[in-house]
Amino acid sequence: MVMYKPLFILIFLLTVCITASAQKWQPGHFTDVKGNKETGLIRISPSGKAPIKNEAFIEFKEDSKTEPFKLSASDLQSFVVGRDSFIVAHAPANENWAKREFEFVKVVLNEDVKLYEAYVGGGGKSGIGFAPAVGGGIGTGGYGGGLGGGISIPIGGGGGSEKTTWYFGANTAKMQRLTDENFEDTMSDIMGDEPDVVDKIHAKVYVLANIEKLVAYFKQVKKSHTN
């Protein structure tokens, strides 16, 4: 029992630090349903009651001196915080996201077929969030970036108990869940411009259980072409 105590304390401290970070105001911008873009400060894990029932929400303010206001998912097309990009989405037809009609999903890879990351809460609790990488930093550039490290922060208040769920599709309307069964074909399609990466997928070096490492490797290979 004593052996697990330092590990428990470390995990607890990491959870507290990541939660505190997610609750802070961060530079970003949002695009509303009419296509208008506003730049300022965004808080992605606000407390309090949602402005519209069964919808995720964020808080926004123009600068540190102005009063914040809440933005419900149905008010938005998307928003960006730091290097992470989020899009408003419905659950696929055969799924139910903790009784939420509108949620936010992170765009992890902005390819022709996109890779999305979502935190699907269970038990009637609030739904979608993201899992920053432990020890890997939050965000690695481009559309999305922070890779799941097992500690999830729900967006729009509330909480949940399930791990990150991955989706893919040309857009959120065509989004499908990534599974062990479709992983090889799907990720080979998404990452098809990088043959070395595809070879490792076919060789089972990367599977759904370590998709975070695959995404990091894919981005590293892509970046090497620009150096």
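The values are calculated or read from the model by the stated rules, or taken from the named source; none is laboratory data. All values reported here derive from a predicted model rather than from experimental measurement. Note that we place each Cβ from the backbone using ideal geometry, even for glycine, and neighbour counts take in every protein chain shown. Keep in mind that these areas ignore ligands, DNA and RNA; they rest on the heavy atoms of the full protein, side chains included. Shrake-Rupley method; radii C 1.70, N 1.55, O 1.52, S 1.80 Å.
Can you find a residue in the range 170-189 that is part of a loop (DSSP other than H, G, I, E, B), of a type in the set (D, E, K, R), open to solvent by less than 30 Å² (accessible area, probe 1.4 Å) and modelled with pLDDT of 50 or more?
no
Answer yes or no: is there a residue in the range 30-41 that is at pLDDT below 90 and closer than 20 Å to residue 170 by Cβ.
No; the residues of the range 30-41 include none that is at pLDDT below 90 and closer than 20 Å to residue 170 by Cβ.
Specify the residue that is farthest from residue 29 (Cα to Cα); the eligible residues are those in the range 82-104 that are assigned to a loop (DSSP other than H, G, I, E, B) and small (Gly, Ala, Ser).
For the range 82-104, the residue satisfying everything is 93.
Please indicate, with yes or no, whether at least one residue in the range 192-203 is open to solvent by less than 50 Å² (accessible area, probe 1.4 Å), part of a loop (DSSP other than H, G, I, E, B) and not polar (S, T, N, Q).
Scanning the range 192-203 turns up at least one residue that is open to solvent by less than 50 Å² (accessible area, probe 1.4 Å), part of a loop (DSSP other than H, G, I, E, B) and not polar (S, T, N, Q).
Looking at this structure, is residue 63 without any contact (Cβ under 8 Å) to a residue 40 or more places away in the chain and either aromatic (Phe, Trp, Tyr) or assigned to a loop (DSSP other than H, G, I, E, B) (or both)?
For residue 63, the condition - without any contact (Cβ under 8 Å) to a residue 40 or more places away in the chain and either aromatic (Phe, Trp, Tyr) or assigned to a loop (DSSP other than H, G, I, E, B) (or both) - is met.
Kindly evaluate residue 82 against the criterion of being more than 21 Å from residue 106 (Cβ to Cβ) and at pLDDT below 90.
So residue 82 does not fit the description; no.
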